[in-house]
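S.K.: Have a look at this one before I ask anything.
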Amino acid sequence: QVQLVESGGGLVQAGDSLRLSCAASGRPISSYAMGWFRQAPGKEREFVTSISWSGSMTYYTNSVKGRFTISRDTAKNTVYLQMNSLKPEDTAVYYCTPCSTLQYSGRCISSDSWGQGTQVTVSS
């Protein structure tokens, strides 16, 4: 099974940028679609973005479209999330996961394998 470690979060101001990393080990993730989810305090975990196993297709939820970019590096067995123009409502713990299913729309259905998450806090 795959072990995942998220990193790159921090405290930033609105309008700033962050780059999150998800390092995988145990198995290559090159054959899996991957997704990023986030969970704010008191709220349910929500889908943010996904990328196909080949990296040729990506999907973003409307609230981050145009601001976030997902990518992957097969050689490093790592998935990235570039976050630009951050807003206070982006504040959450961010998690990555292999997708058991990638829906026709591109939305990721998680395999329920998660890392510890990385905290992103955006101040006004």
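The numbers here are math on the coordinates, done by the rules we state, and not lab data. Just so it is clear, the structure is predicted and the values come from calculations on it, not from any experiment. Virtual Cβ from ideal backbone geometry, glycine too; neighbours counted across all protein chains shown.
S.K.: For residue 57 and residue 114, compute 0.36 nm times the residue count separating them, minus their Cα-Cα distance, and round to one decimal in nm.
M.R.: 18.3 nm is the gain from fully extending residue 57 to residue 114.
S.K.: Can you give me the relative contact order of the chain as a percent, contacts being Cα pairs under 8 Å and 6 or more apart?
M.R.: 35
S.K.: Next question. Find the eigenvalues of the gyration tensor of the Cα atoms of segment 71-124, then list the square roots of 5 times those eigenvalues as equivalent ellipsoid semi-axes, largest first, in whole angstrom.
M.R.: In descending order the semi-axes read 23, 14, 13 Å.
S.K.: Shifting gears a bit: Residue 27 to residue 65: FRET efficiency via 1/(1 + (r/R0)^6), r the Cβ-Cβ distance, R0 30 Å, to the nearest 0.05?
M.R.: 0.50
S.K.: Also, quick follow-up: For segment 32-124, with only Lys/Arg (+1) and Asp/Glu (-1) charged at the beta-carbon, what is the dipole magnitude about the Cα centre, in debye rounded to 20?
M.R.: So the dipole magnitude of segment 32-124 works out to roughly 140 debye.
S.K.: Now for a separate question. Kindly provide the pair-distance distribution of segment 38-83 built from C-alpha pairs, with 10 Å bins from 0 and whole-percent values in order of increasing distance.
M.R.: Taking all Cα pairs of segment 38-83, the binned fractions are 25, 49, 23, 3 percent.
S.K.: On full extension of the chain, what length is gained from residue 89 through residue 11, given 0.36 nm per residue of separation minus the C-alpha to C-alpha distance?
M.R.: 26.8 nm
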